[in-house]
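The values are calculated or read from the model by the stated rules, or taken from the named source; none is laboratory data. Just so it is clear, the model here is predicted, and its values are computed rather than measured. All Cβ positions, even for glycine, are placed from backbone atoms using ideal geometry, and neighbour counts span all protein chains on display. To get the accessible areas, we keep the full protein, side chains included, count just its heavy atoms, and leave off ligands, DNA and RNA. Shrake-Rupley method; radii C 1.70, N 1.55, O 1.52, S 1.80 Å.
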Amino acid sequence: MNKSQSSSDEIITNGSVSSSSSFLKLLTALVKNKWALISVVWLFFIIFVAIFASELSPLDPNKNHIMERVSPPLTLDKKGDMKYLIGSDALGRDGLSRLIYGAQVSLLVGFTAVFIGGLIGTLLGILAGYYGRLTDDIIMRLADIQLAFPFILLAILFLVVLGEGLINLILVLGVGQWVTYARIARAQTISQKEKEYVEAAKALGVSNFNIMFGSILPNIFAPLIVIASFNVASVILAEAALSFLGLGVPPQIPTWGAMLAESRDHIFAKRWWLPFFPGMAILITVLAFNIVGDWLRDYLDPRLKEIE
Amino acid sequence: MFLYILRRLPQTILVIFGVTLVTFIALQIGGDPTYLFISDRASPEEIEATRIKLGFDKPLYIQYFNYVIKLLQLDFGNSLYFGQSAMTIILETLPATLELTIFSMFIAIFGSIPFGIFAAVYRGTWIDGTLMAIAMLGQSIPSFWLGIMCILYISLNVDWLPISGHVPFLMPLFEGNFIEAFKNLPITLTYLILPGFAVAFYSVARNARLIRSSMLEVLSQDYVRTAKSKGLTNYVVIMRHAMRNAWLPVVTIIGLEFGFMISGVVVVEVIFAWPGLGRTIFDAIANRDIPLVQAAVVVISVFVIIINLITDLVYAKLDPRIKL
């Protein structure tokens with residue numbers, strides 16, 4: 001292989017050419033940023049908790065202890081051991097266990113919905129940007145229509161009709177996210193389309209499909225990852241809001257949003273622990289995703305750093 | 001201007017058409033929509049009768065056509081739970097929601113300006129750091145949780161502000177009763193503060209970050225340096241020269257803000273027992289009152305679209321760079 005060909009190969013696949021060394025660079029940059037590091041550690045911790053929920057939770061999250069309803073935090077059992085570290089709810093269910101299981105739903109919904117939305121959006125965005133004209137018009141008008149709706153209302157309407165359930169929730173939240181990705185992917189594709197490597201690929205007779213997803217996609221991946229990180233945060237917030245309105249998963253599955261909804265009747269009795277802990281769990285997790293998103297953006301796109 | 005409206009209008013109509021189509025499809029997506037309108041214990045005869053009465057036995061395109069004709073007459077059918085027209089219920093609760101939305105927008109706009117300017121002017125200092133940390137926090141707090149915490153710590157513990165309740169301002173205003181409306185206003189505002197803050201905090205945080213970065217950009221411009229070297233005080237430079245240009249990106253998002261605010265309002269209303277559309281939607285969800293939910297979604301969406309159109313037109317009028 002002669003020299004010029006190998007360098008053009010490198011340009012075409014520069015997204016993955018030196019993945020191990022760029023990963024190391026990413027890690028070094030991460031360690032230098034205190035808050036981003038703490039956030040990443042928290043996210044790994046919460047993922048770990050979600051995966052091993054059944055081992056980690058001290059009690060069965062759905063078992064009622066009728067005699068021990070609304071126990072405040074740090075309630076001990078008869079032997080003097082810790083029973084309800086963060087209190088129990090109106091049915092005497094252990095708050096900590098429900099909080100631990102709640103991480104499962106929040107993260108599962110957050111990641112899968114963003115994945116679905118990202119997939120659809122990126123696909124449509126690249127198509128719109130690459131082909132332009134009518135394809136572009138149709139896709140972007142669809143995006144306009146979707147943006148006209150306050151998203152949460154649209155989700156409410158679909159979920160009321162479809163009924164509660166994890167799959168429905170993920171689908172509705174996922175489909176709701178595509179516009180952001182489509183717009184970014186489209187704009188990026190339009191600017192990449194004019195570059196030499198695309199023209200070179202065209203001249204070599206590479207198919208449109210391979211140009212779009214083999215050559216352009218790796219080059220526009222960075223901004224999409226940044227968006228995805230912020231997006232997980234907003235999907236978790238939306239899931240909590242929908243659960244709070246009674247449109248989330250079935251009631252026997254504990255979620256942070258549903259815990260907040262259940263706490264509503266106890267505000268006036270000042271049972272602060274009922275809303276406090278699930279709210280903090282949402283807040284810290286969402287904050288962590290936002291901080292990581294901010295840091296990733298600065299890391300992947302130094303131009304933005306100059307402005308700030 | 002006229003040409004701009006002419007160009008912008010078909011786009012708006014297309015979007016409204018999309019709204020009707022999506023809300024129509026939403027009802028069909030779970031299978032035969034007849035079952036959404038009757039109880040679980042209905043007999044086969046009752047089901048059949050309802051299907052014919054609501055027109056679900058007809059082909060889809062005729063159903064859609066009838067749906068649009070009814071929408072044009074502002075007829076959303078009757079609420080399953082209350083039995084009265086869904087539109088009437090919405091018109092009764094809409095003013096309370098608008099009060100909260102508009103108030104929240106005020107907080108979002110006027111709260112974020114000093115916030116962002118301070119951060120930009122004291123860039124890199126602890127003031128900037130603290131303000132931006134608060135902004136980051138603000139973008140991560142669920143508004144309804146903030147509402148609950150406000151009630152717990154501000155209303156119940158220190159008793160500064162009323163916990164929940166509502167004194168109407170817009171309703172008497174719409175009815176032409178100006179004296180009552182303005183007599184109510186001071187009390188209306190005290191009831192608005194907590195829910196308004198809970199709704200607006202997210203937007204304050206986001207706008208503050210936006211204002212900060214657009215302010216930083218403006219502060220590095222030549223004309224700001226010129227103004228400074230003329231010997232003008234920092235205050236004058238910022239207020240008279242920099243602010244004017246830092247405003248533009250903020251104005252752009254105000255239109256979008258409205259739709260966003262309404263989403264927050266819907267959820268926060270539930271906590272503060274605010275007698276608005278959000279509360280209505282919440283009850284309608286619990287009662288599976290589909291026509292009411294559908295009507296609320298259509299009305300709010302069309303409202304948001306029209307507000308967006310108006311902001312676009314105002315913006316086009318303000319910014320000479322947009323060709324009319």
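When nucleic acids and ligands are ignored and a 1.4 Å probe is applied, A:L96 ends up with an accessible area of around 40 Å². Identify, among B:Q11, B:G30, B:I281, the residue whose Cα sits farthest towards the positive end of the charge dipole of the protein assembly as shown, taking +1 on the Cβ of Lys and Arg and -1 on the Cβ of Asp and Glu, with the dipole about the Cα centre. Going by the charge dipole, the pick is B:Q11. Relative to the longest principal axis of the Cα atoms of chain A, helix A:34-51 runs at roughly 60 degrees. Shown is the FRET efficiency for B:L156 and B:S220, computed with R0 = 51 Å from the Cβ-Cβ distance and rounded to the nearest 0.05: 0.60. Projecting the Cα atoms of B:L256, B:Q84, B:V158 onto the charge dipole of chain B (Cβ charges, centred on the Cα centre) puts B:L256 farthest toward the positive pole. For the Cα trace of the protein assembly as shown, dividing Rg by the Kirkwood Rh returns an Rg/Rh value of 0.98. Each label was represented as a point 7 Å from its Cα along the Cα-to-Cβ direction; for B:Q11 and B:F178 these points are 3.8 nm apart. Considering only A:L127, A:L204, A:L147, the Gaussian network model of chain A with Cα springs below 10 Å gives its largest mean-square fluctuation to A:L204. For A:T255, no residue whose modelled amide H falls within less than 5 Å of its own remains once neighbours fewer than 5 places apart on the same chain are excluded. Heavy-atom accessible area with a 1.4 Å probe sorts A:R264, A:R69, largest first, into A:R69, A:R264.
With the convex hull drawn around the C-alpha atoms of chain B, the volume per residue stands at 185 Å³. Estimated at the nearest 10 Å², the accessible area of B:E92 is 100 Å² with a 1.4 Å probe.
For the segment A:239-246, counting C-beta atoms of other chains within 10 Å of every residue's C-beta and taking the mean gives 5. Enter the angle in degrees (range 0 to 90, nearest 10) between the Cα long axis of helix B:60-72 and the first principal axis of the Cα atoms of chain B, meaning the one along which they spread out most. Here the helix axis deviates by roughly 60 degrees.
Peptide B:145-157 has a mean shielding of 5, counted as Cβ atoms of other protein chains within 10 Å of each residue's Cβ.
Under 5 Å from the amide H of B:N78 lie the amide H atoms of B:A86, each residue being 5 or more positions distant or on a separate chain, with H modelled from the backbone and absent for Pro and chain starts.
The packing ranking, built from the mean of other Cβ atoms within 10 Å per residue, places the peptides A:47-54, A:220-227 in the order A:220-227, A:47-54, highest first. If you fit an axis through the alpha-carbon atoms of helix B:86-121 and take the longest principal axis of the Cα set of chain B, what angle between them do you get, 0 to 90°, nearest 10? Tilt relative to chain B: about 20 degrees.
Applying the Karplus relation 6.51 cos²θ - 1.76 cosθ + 1.60 with θ = phi - 60° to the stretch A:285-298 yields 3J(HN,Hα) values of 5, 5, 4, 4, 4, 5, 5, 4, x, 4, 5, 4, 4, 4 Hz, where x marks Gly and Pro. Shown here is the pair-distance distribution of chain A: with all Cα-Cα distances grouped in 10 Å bins from zero up to the longest one, the shares run 6, 22, 27, 22, 14, 7, 3, 1 percent.
Of all the options A:F151, A:F115, A:F268, the one that moves most in a Gaussian network model of chain A with Cα springs shorter than 10 angstrom is A:F268.
Inter-chain Cβ neighbour count for B:300-307, averaged per residue, equals 3 (cutoff 10 Å, partner chain atoms only).
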